[in-house]
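Student: Attaching a single structure in structure tokens format; questions to follow.
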Amino acid sequence: RFSEDGDLTFVGGLEADGDIGLADGLKLGFAAAYTDAKYTSNIVDLSLQTGIPGYTIPFDSYPDTPKYTGSLYTDITLPTPESLGKMSIRSDFFYQTSTFFSSNEGSITPRTKLKGYTTANVRFGWDEIMQSPVSLGLYAKNVFDKFYYQSGYVEGASGGFNTALPGEPRTLGAELSVKF
């Protein structure tokens, strides 16, 4: 049993976001979050599942929940004649603190803590090219090719290993769309 009232976890926190137009065609924005995730009862009794009387494990790390995350962005609409279509450039930065990918970092599945990371992205958009229904987007994700781990697969207790999964490397791409 998890606790007297069946409650196992508590997740609380704060989120804030906003944006401001600084000038015609220039917008800045942000998003930030603080997450307080913890177990209200962190000892799990696995006696029935294992057949071993008194077999318990502690839940001591809260998975997939960074304490802090945040992002900043700029949107710039370029001053182009209407006959060319709308052109814009967007850049954004994302940050998160370290996180775990298991509930048992301190016991049966150690080494599941992932470092925090920051990534940067940029996108150029050209909408309704020459007053046509065609739009084009060019983008770069993870511009600085930051190597980071974004999640993991836990096998420490049963297989003796854990696998951390890397985030997306620098990616360049294009999007072409037609409205009809």
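The values are calculated or read from the model by the stated rules, or taken from the named source; none is laboratory data. Predicted model only: the values in this text are computed from it and were never measured. Neighbour counts are summed over all protein chains in view; Cβ atoms, including those assigned to glycine, are modelled from backbone coordinates with ideal geometry. These area figures cover heavy atoms from the full protein model, side chains too; ligands, DNA and RNA do not enter into them. Shrake-Rupley method; radii C 1.70, N 1.55, O 1.52, S 1.80 Å.
Student: If you take the residues of the stretch 139-177 that are of a type in the set (A, V, I, L, M) and open to solvent by less than 80 Å² (accessible area, probe 1.4 Å), which of them is farthest from Ser103 (Cα to Cα)?
Tutor: Selected residue: Ala174.
Per-residue answers, yes or no, for (1) at pLDDT 95 or above; (2) more than 23 Å from the chain's Cα centre (by Cα):
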{"site": "Leu14", "(1), (2)": "yes, no"}
{"site": "Gly18", "(1), (2)": "yes, no"}
{"site": "Phe30", "(1), (2)": "yes, no"}
{"site": "Thr35", "(1), (2)": "yes, no"}
{"site": "Ser41", "(1), (2)": "no, yes"}
{"site": "Gln49", "(1), (2)": "no, yes"}
{"site": "Glu82", "(1), (2)": "no, yes"}
{"site": "Gly85", "(1), (2)": "yes, yes"}
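Each row is one residue, and each column tells you yes or no for (1) closer than 30 Å to Ala140 by Cα; (2) of a type in the set (Lys, Arg); (3) open to solvent by 50 Å² or more (accessible area, probe 1.4 Å); (4) in contact with a helix residue (DSSP H, G or I) (Cβ under 9 Å, 6 or more places away or on another chain).
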residue: Gly12; (1), (2), (3), (4): no, no, no, no
residue: Gly29; (1), (2), (3), (4): yes, no, no, no
residue: Thr35; (1), (2), (3), (4): yes, no, no, no
residue: Thr50; (1), (2), (3), (4): no, no, yes, no
residue: Asp60; (1), (2), (3), (4): no, no, yes, no
residue: Phe101; (1), (2), (3), (4): yes, no, no, no
residue: Ser107; (1), (2), (3), (4): no, no, no, no
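Student: Here is a follow-up. So for the stretch 123-133 (the condition being charged (D, E, K, R), open to solvent by less than 90 Å² (accessible area, probe 1.4 Å) and in contact (Cβ under 8 Å) with a residue 40 or more places away in the chain), does at least one residue qualify?
Tutor: Yes, the stretch 123-133 contains at least one residue that is charged (D, E, K, R), open to solvent by less than 90 Å² (accessible area, probe 1.4 Å) and in contact (Cβ under 8 Å) with a residue 40 or more places away in the chain.
Student: Within the set of pairs 6+ apart or on separate chains, which have a first residue in the stretch 43-62 that is within 23 Å of Phe101 (Cβ to Cβ), a second that is in a helix (DSSP H, G or I) and not basic (Lys, Arg), and C-beta atoms under 9 Å apart?
Tutor: Thr56/Ser47
Student: Report yes if Thr74 is surrounded by 14 or more Cβ atoms within 10 Å (Cβ to Cβ) and either modelled with pLDDT of 95 or more or not β-branched (Val, Ile, Thr) (or both), otherwise no.
Tutor: When the stated conditions are applied, Thr74 passes them.
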